[in-house]
Amino acid sequence: MAFNKILCKAPFIININPYSSKNNQTMKRMIAISHQIPRVIAIFFIIFLLYGSSAHIVQPCLTFRANPFAPERELYVIAGQSNAVGLASIEGEKNKSISYPNVKIYGVYGYHTELHGMDDALQSKSHHTYWPSHAAWHTAQPGFGYKNAEPPSVVNYFGPELKIAELLSNQTPHDHYIVKLAVAGTGLAYTPAEDNWNPSSGRLFNQLMTMISDAYNSRKNSAKLRVSGLLLVQGETDSLNWESAKNYETNMNRFINAFRDQVYARGCSNSRDIPVVLAKIQNNPVWIYREQVRLAQERLSRDLALVKLVETDDFTTEKDGVHFNMHGQMHLGEKAYSHLALSKISQRKSHLKHETQL
């Protein structure tokens with residue numbers, strides 16, 4: 001029996017990282033065995049092998065269970081490290097009641113005792129933090145930021161999602177949706193002791209995929225959510241190590257392709273051509289090998305379709321000189337939204353041209 005026929009009968013997606021040699025060997029073993037044993041036994045045997053190989057079973061976007069009359073809506077994804085997390089705060093501001101009721105964010109909101117101290121690449125990995133188990137839908141407002149902040153101030157922290165939500169709230173249709181997963185200090189290069197965004201390491205990449213699917217499936221009766229753009233704020237950690245900086249372009253290219261492939265394969269997007277916006281790391285001496293990362297980001301935005309770059313050198317920061325303050329985060333959200341909106345127009349023109357040629 002062909003392996004792909006077995007998989008299509010299973011009500012889940014088995015996620016095998018295409019960049020892992022260990023999982024390639026696992027795939028070969030599964031294909032060989034699948035020809036020799038009955039279908040039901042094969043499925044359970046495959047699951048066993050996958051768990052033993054540190055692969056992940058990730059629920060897809062269950063489009064076949066969705067309400068066929070539910071309207072289609074765009075879903076924007078925000079991911080990355082601390083400037084995606086957000087250390088900006090509205091604390092001390094006169095108007096603290098910032099809220100956009102028609103924009104919903106699927107993410108980790110407010111204070112969680114078990115997450116305090118985990119908003120860090122090393123702690124997140126060493127404590128096996130599973131971020132999706134703490135995610136839920138909430139109204140867009142401050143509170144999706146830095147999780148290591150003390151209560152009650154944690155609800156004042158925010159990242160680029162707040163400005164994006166504000167801009168979305170004025171657009172039609174009336175309801176809008178965002179998914180956010182970000183962890184401070186996370187790099188793109190694989191590091192065994194720390195969480196990172198490298199697709200081959202599995203953890204954060206797969207957790208992001210899980211949250212996208214969970215967001216879709218939890219709303220499938222009222223809206224058909226389609227991933228329509230990604231904002232990735234990442235690169236500072238990789239600029240602190242020569243090898244990571246040198247390999248940044250290759251690793252980011254791999255991440256973007258893996259993200260597009262997996263989101264589309266899971267039925268969470270209408271097209272593989274998902275717009276991506278990268279936040280360029282600042283020209284700050286703190287980031288030792290910043291030139292390698294900045295040049296890589298420029299080349300990626302030039303060479304890859306539907307990849308745009310936000311210049312951040314003029315963004316204001318907190319006193320630490322590295323984390324965007326309230327005004328910096330607002331500028332990031334505004335510029336990211338602008339790029340995503342323009343990318344959508346380009347994407348639609350490309351699709352119309354393709355349909356015309358057909």
Worksheet item: Among the strands (runs of 3 or more DSSP E) contained in the stretch 98-209, which hold 2 or more residues that are more than 18 Å from the chain's Cα centre (by Cα) and surrounded by fewer than 17 Cβ atoms within 10 Å (Cβ to Cβ)?
Response: 100-107
Worksheet item: in contact with an Asp or Glu (Cβ under 6 Å, 6 or more places away or on another chain), open to solvent by 50 Å² or more (accessible area, probe 1.4 Å) and not in a helix (DSSP H, G or I) - does that describe any residue in the stretch 221-234?
Response: yes
Worksheet item: Lys308 fails exactly one of the following numbered conditions: (1) touching a strand residue (DSSP E or B) at 6+ places or on another chain (Cβ under 6 Å); (2) assigned to a loop (DSSP other than H, G, I, E, B). What is the number of that condition?
Response: (2)
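I'd like the full set of residues that are surrounded by 14 or more Cβ atoms within 10 Å (Cβ to Cβ) and among the acidic types (Asp, Glu), limited to the stretch 317-337. First the steps, then the outcome.
First pass over the stretch 317-337, keeping only residues surrounded by 14 or more Cβ atoms within 10 Å (Cβ to Cβ): 317-318, 322-326, 328-337.
Listed by number, the residues that qualify are Glu318, Glu334.
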Worksheet entry | Residue under evaluation Phe315, criteria (1) of a type outside the set (S, T, N, Q); (2) in contact with a Gly (Cβ under 6 Å, 6 or more places away or on another chain); (3) free of Cβ contacts under 8 Å to residues at least 24 places away in the same chain, criterion not met | (3)
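Counting only residues that are β-branched (Val, Ile, Thr) and open to solvent by 40 Å² or more (accessible area, probe 1.4 Å), which one in the stretch 280-316 is farthest from Ile256 (Cα to Cα)? It would help to see each step written out before you state the result.
Within the stretch 280-316, the subset β-branched (Val, Ile, Thr) is 281, 286, 288, 293, 307, 310, 312, 316.
With open to solvent by 40 Å² or more (accessible area, probe 1.4 Å) added as a condition, the list becomes 286, 288, 316.
Working: Val286: 26, Ile288: 24, Thr316: 28 Å.
The qualifying residue farthest from Ile256 (Cα to Cα) is Thr316.
Which of the residues spanning the stretch 93-148 are of a type in the set (Gly, Ala, Ser) and at pLDDT below 95? Can you show your working first?
Step one: list which residues in the stretch 93-148 are of a type in the set (Gly, Ala, Ser), which gives 97, 99, 107, 110, 117, 121, 124, 126, 133, 135-136, 140, 143, 145.
Residue satisfying the conditions is Ser97 alone.
Just to check your reading of the model, which residue among Phe205, Phe158 is within 23 Å of Leu62 (Cα to Cα) and either in contact (Cβ under 8 Å) with a residue 40 or more places away in the chain or aliphatic (A, V, I, L, M) (or both)? Spell out the reasoning first.
Values: Phe158 fails: within 23 Å of Leu62 (Cα to Cα).
Just a single option satisfies the conditions, and that option is Phe205.
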Practice prompt. Can you work out which of the residues in the stretch 247-279 that are basic (Lys, Arg) and without any contact (Cβ under 8 Å) to a residue 60 or more places away in the chain is surrounded by the most Cβ atoms within 10 Å (Cβ to Cβ)?
Written response: Arg260
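The values are calculated or read from the model by the stated rules, or taken from the named source; none is laboratory data. What you are looking at is a predicted structure, and each value in this text was computed from that prediction instead of being measured. A quick note on method: Cβ atoms are made from the backbone with ideal geometry, for glycine too, and the neighbour counts reach across all protein chains shown. Just so you know, the surface numbers come from the protein's heavy atoms only, side chains and all, with ligands and any DNA or RNA stripped out. Shrake-Rupley method; radii C 1.70, N 1.55, O 1.52, S 1.80 Å.
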